Each structure stands twice: as C-alpha cells, then as structure tokens.
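Undergrad: Can you keep this structure in mind? I'll have questions shortly.
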Amino acid sequence: MKYISTRGQAEVLDFEGVTLTGLARDGGLYVPESIPTLTADEIRSMRGKSYSDIAFQVIKPFIGDCLTDAELKSMLDETYGTAFRHPAVAPLVQTGANDWILELFHGPTLAFKDFALQLLGRFFDVFSARRDRSLTILGATSGDTGSAAIEATRGRDNVKIFMLHPKDRVSDVQRRQMTTVIEPNVVNIAVEGTFDDCQALVKAAFNNHEFRDSVNLTAVNSINWARVMAQVVYYFTSAVSLGAPDRSVSYSVPTGNFGDIFAGYIARAMGLPIDKLVVATNSNDILAKTLQTGTYASGSVNATLSPSMDIQVSSNFERLVFDLTGRDGSKVQSYMDGFAAEGQFKLDAAELEKARALFLAHQVDDATTLSVMQDLYARTGYSADPHTAVGVKAAQECLASSTSPVITLATAHPVKFGAAVEKAIGHVPALPEHMADLMEREERMETLPNDLETLMSRVKAGS
Ligand SMILES: *Cc1c(COP(=O)(O)O)cnc(C)c1O
C-alpha cells in the first residue's frame, strides 16, 4: 500500500514511512493511494469474532508488507487483549428503540484516543528499532490525545514526548492524567494560548524541515494516518453487531479535528453500509457551518463544557476535501493557501453536494448539553459525558426518522468531565481503581509562551 499527500507534492511513502512521518513535507496529510474494499461476505464473516480479529481484517490491507501477519496479529492481540478493561473492548449500550451508544472509553486514559494511540505506540517501537533511531514526538492536545499518547509511550527508551496543552483550558482530570506521569521521557508544556495555537505551533515545527530532521520529529495527532486507520475498526465491530452488511447503520460523532468521523468515512469507502454520518459539534461550529454554506472559515475558539472539541481548525477535514475535489492535490493546495492567507476558502457547488450526501451536522450549546445529560439519565439511568451528550443531541435532531440503527460514539468516560456531569445529574461516577489516587499524585509541567522559537529550543534541549 502506497500513501500520497493531499497536496500532491510530497514523497510517496509506505505504511512504515507515513507512521514515522506524520505531516507530509508539502504541508498536506497522507492518505492511501486507493481505499481497499471488503466484500459483503468478508464483512459477514466478522460476526462473532473478537475485536482483535476484526481489527486484523480491517487493518491488514493498509499495512502492505511493512509487518508480517504474525507481527501484526500479536500487536493487535496485545493492544486490544490487554489494555482495555471491557471484554467487548468497544461495547454497545441500547438507550432507545433504535438508539445505541458505542462506549469507546474502556482504555487506560478513558477516552477513545486510546484505541489508536495504544497501537501507535507499538508501531513506533517496532519501526524505530528497525531504523535504529530514536524519535521525538511533538503533539498538541485539547485534553485527551495528550494523556493517551503519554500513556502509550511513557518509559520507552527510544521515544521522547513533548506534549502541548492550552494552559487552564483542559479539565483537572485531563491535565493530571498527563502531568502526573513523571517518567524522564515525558515533558508536559502548558502553552499560553488556545488549542488551535498549540496545533499551529506543532504544524509550524513540522514545516521547519531543518528542525524536524534534527530531532526526528514524529506526530501523534490525527494527522498521523495510523490513528485514523485504527479508528476504522470500531465502525466495523459495531455495525456488524447490529446486522451489517445486511443492514445499514448511521453514526453521530462528537467532532473536533474530524479524525474520528473521517474514520467512519473510510469504513464506508471500504464497503461498510453506513447511511449517514452526523458531525456533532459544540458551539465551535466551523464544520456545521461549512456543511451549511460551503465556506470553511475559522473563527475564535469558545471554551465549552466539551473542551476536547474546542477546535476551529479541523486538520483532518483536508483529507475529505481531497476526495471532494476528485483527489486534486493542486486544488487542495490552493484552498489551503486561501485559508492561510484569508482565514477561509469555499467549496464549489459539486463538492458541497457530495459532502452533504453523506454528512449531516448539528451544533449543540452548553445549556442543551447539560439538559441532554439530565434527560438521558432520567430516562435510562445512563451517565453520558458532555462530548457524548453533544452526539446524542445531534443524533436526535438529525436522525429522528432513521430506519437504520443510530449509533452515537461515546468518546469519553463521564468521570473525565466530572464537574459538568455533577452539574447535570448531581453526582459524579467514581474514578476507576487504577486512577483512584489521581488527584493526590505529584504533577510536573512547564509553561511556555505561544512562540515557535522558544518551543523549538526547548525541544532541542531534550527531555
Ligand atoms: C478528541 C475528542 C473528540 C474529537 O475527536 P476528533 O477526532 O478530533 O474529531 C471528541 N470527544 C472527545 C472526548 C475527545 O477526546
């Protein structure tokens, strides 16, 4: 399998190459040259299989010959057999006649990011050893990527990780999950700015090729293709549980960087019968607006009860735009140049129509988020975290008359956003046992201004 850049000017790489590279050198994102497909019989054969076995079927075609079947199998067994605390790995919970919640928070850091990052940590190990080099991971987090990436790489000899988070804009549990990891290869940096500022710093560091090469920079954000790929799997496991390929399903996905929902788009392109994908956003609604008007325009970021979606620049949207343009790298380049210069670009009518045929969108404010949490708890006894609640509401608004099952992705455990949950339902579920003393552990982090030069010299100085 070969991977190409959405801007058409970067070197073509294999799976090992894209995993270690992250952002393409032309500023674009890597995507597979063509999307592999599974037949209805192959999808039917997944019924009753373990998460890890289904993962093998879904992921294998993307890996090419970068790993042997035995290597890939054992990595998947380790990842999904041991790191997750539910025997189904990604269990479905029924909350209404046609409504389901897909719980993606049974991994070590209690958010869906573990699905990809636990596996990515293992890819880094194998590929860096093969090339005999140590890696520097530089990432930006709106909360959950950071802890999942740190958990996946802590204590590894050949990996240093620098994780940026927007100062005072992540929840206490989110911050402590990062800053209480005091292994020497982990550096937590609070940036005086927003998540978009953190993400822009990371992108700028990647675009400085001299810096990038001098420290072997690698990405863990969802610009890294391997993350999107790993997330495709739970669309298959959940849809197959509810009757795919003989019945289609729809998903509502709490969305920030467009990585998780883009994985659903890939699952559909691989042959999974997905009817609609709902982009569920909080008041940071750039994507909902884009689907309404065709104009992708950044605005200022609002702090909300669902901070992991407080994002106005959704990196992975570029991967969709690439497909909407008929995979025209130079057109994507001109859109992104327009975005860099003027803060916006406009899809043409045909592109917008293509996007609307599959994607619906709904924006949910904080007051509604709280009332949905309350209502769901009162009706079913289910405690949803605020991100999941945004998804539940968007599903109600966009898919009320759906005849196919409606699955909302539960992207985080309610305990991660305890303050909001308490406000909605009057109490917070307990921290799981492995994290019971989280609020007492020692923290370690540094604070830096929103400045590229300062950041690069800090990273060069090492951990
Ligand atoms: C990261 C995250 C999201 C957004 O996912 P994207 O892939 O960035 O769209 C939603 N909810 C939670 C809890 C998250 O951690």
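Undergrad: With a cut-off of 8 Å between alpha carbons and a minimum separation of six or more residues, what is the relative contact order of the chain in percent?
TA: Dividing the mean separation by the residue count of the chain yields 20 percent.
Undergrad: Another question, then. If you rank Met373, Met336 by how much accessible surface each has, with a 1.4 Å probe, what is the order from largest down? Kindly include the intermediate steps, with their values, before the conclusion.
TA: Values: Met373 5, Met336 25 Å².
Ranking Met373, Met336 by accessible area, largest first, yields Met336, Met373.
Undergrad: Let me ask something else about it. Determine the dipole magnitude for the range 315-463: charges of +1 sit on the beta-carbon of Lys and Arg, -1 on that of Asp and Glu, nothing else is charged, the reference point is the Cα centre, and the result goes in debye to the nearest 20.
TA: Values: 14 positive and 22 negative charges, 76 e Å.
Approximately 360 debye in magnitude.
Undergrad: Let me ask something else. Using amide H atoms built 1.01 Å from N in the peptide plane, name the residues 5+ places from Thr408, or on other chains, whose amide H lies under 5 Å from its own.
TA: Trp100, Ile101, Leu102, Ser252
Undergrad: List the aspartates and glutamates whose Cα lies under 12 Å from the Cα of Lys203, skipping any in the same chain that are fewer than 8 positions away.
TA: Once the sequence-local aspartates and glutamates are set aside, what remains near Lys203 is Asp26.
Undergrad: Right, something else. Any lysines with Cα under 19 Å of the Lys276 Cα? List them, leaving off those in the same chain fewer than 8 positions away.
TA: Cross-link targets: Lys289, Lys354, Lys393.
Undergrad: Further, regarding this structure: With an 8 Å Cα cut-off and a minimum separation of 6 or more residues, compute the relative contact order for the range 30-137 in percent.
TA: 17 percent
Undergrad: Rounded, prolate or oblate: pick one for the range 65-113, where a ≥ b ≥ c are the square roots of the eigenvalues of its C-alpha gyration tensor, a/c under 1.5 means rounded, and failing that, prolate if a/b is larger than b/c, else oblate. Don't jump to the answer; show the numbers that get you there.
TA: On the way: a/c = 3.10, a/b = 2.16, b/c = 1.44.
Here the range 65-113 falls in the prolate category.
Undergrad: Please give the solvent-accessible surface of Lys331 in Å², to the nearest 10, using a probe radius of 1.4 Å with every protein chain present.
TA: For Lys331, the solvent-accessible surface is approximately 60 Å².
Undergrad: Apply the Debye scattering formula to the range 1-107, with a single equal point scatterer on each alpha-carbon and no solvent, then give log10 I(q)/I(0) at q = 0.22, 0.23 Å⁻¹.
TA: With one equal scatterer per Cα and no solvent, log10 I(q)/I(0) is -1.15, -1.18.
Undergrad: Keeping the other protein chains in place, figure out the carbon and sulfur percent of the accessible area of the range 11-152, with a 1.4 Å probe.
TA: That share works out to 48 percent.
Undergrad: Turning to a different aspect of this structure: How many Å² of accessible area per residue for the range 101-179, probe 1.4 Å?
TA: Working: 2050 Å² over 79 residues.
Here the residues of the range 101-179 average 26 Å² of exposed surface.
Undergrad: In percent, what relative contact order does the range 162-287 have, based on Cα pairs under 8 Å that are 6 or more apart in sequence?
TA: Relative CO of the range 162-287 lands at 19 percent.
Undergrad: May I ask which of Lys2/Lys331; Lys49/Lys73; Lys167/Lys416 have a Cα-Cα span longer than 19 Å here? Don't skip to the end; give the middle numbers.
TA: Values: Lys2/Lys331 21 Å; Lys49/Lys73 14 Å; Lys167/Lys416 17 Å.
Going by Cα-Cα distance, Lys2/Lys331 fall outside the 19 Å limit.
Undergrad: Ignoring ligands, DNA and RNA, please state the percent of accessible area on the range 329-463 from carbon and sulfur, probe 1.4 Å. Present the calculation step by step, with values, prior to reporting the outcome.
TA: Details: 3240 of 6450 Å².
In the range 329-463, the share of accessible area belonging to carbon and sulfur is 50 percent.
Undergrad: Averaged per residue, what accessible surface does the range 1-76 expose to a 1.4 Å probe, in Å²?
TA: Values: 3030 Å² over 76 residues.
Counting only protein heavy atoms, the per-residue value for the range 1-76 is 40 Å².
Undergrad: How much net charge surrounds Leu320 when only other residues with a Cβ under 11 Å from its Cβ are counted (Lys, Arg +1; Asp, Glu -1)?
TA: Counting the neighbours of Leu320, the net charge comes to -1.
Undergrad: With runs of 4+ DSSP H residues as the only contributors, calculate the mean residue ellipticity of the chain at 222 nm using -39,500 (n - 2.57) per run, divided by the residue total and rounded to the nearest 500.
TA: -13500 deg cm²/dmol
Undergrad: Hey, if you put +1 on the Cβ of every Lys and Arg and -1 on every Asp and Glu Cβ in the chain, which of Leu272, Phe84, Phe317 ends up farthest toward the positive end of that dipole?
TA: Of the candidates, Leu272 comes out farthest on the positive side.
Undergrad: Once you have a ≥ b ≥ c as the square roots of the Cα gyration tensor eigenvalues for the chain, tell me rounded if a/c is under 1.5, and otherwise prolate or oblate according to whether a/b is larger than b/c.
TA: rounded
Undergrad: Of the DSSP beta bridges with both residues in the chain, give the percent that are antiparallel, rounding to the nearest 5. Intermediate values should be presented prior to the final figure.
TA: Details: 12 of 47 bridges.
Roughly 25 percent of the beta bridges in the chain run antiparallel, per DSSP.
Undergrad: Next question, about the same structure. Please return the longest stretch of the chain lacking exposed loop sites, where GluC sites (Glu not before Pro) count only if DSSP places them in a loop and at most 15 other Cβ atoms lie within 10 Å. Write out the running numbers ahead of the final one.
TA: On the way: sites that count: Glu11, Glu33, Glu192, Glu442, Glu443.
It works out to 193-441.
The values are calculated or read from the model by the stated rules, or taken from the named source; none is laboratory data. Since we're looking at a predicted model, the values are computed, not measured. Quick reminder, even Gly has a Cβ in these numbers, built from the backbone with ideal geometry, and neighbours come from all protein chains shown. To get the accessible areas, we keep the full protein, side chains included, count just its heavy atoms, and leave off ligands, DNA and RNA. Shrake-Rupley method; radii C 1.70, N 1.55, O 1.52, S 1.80 Å.
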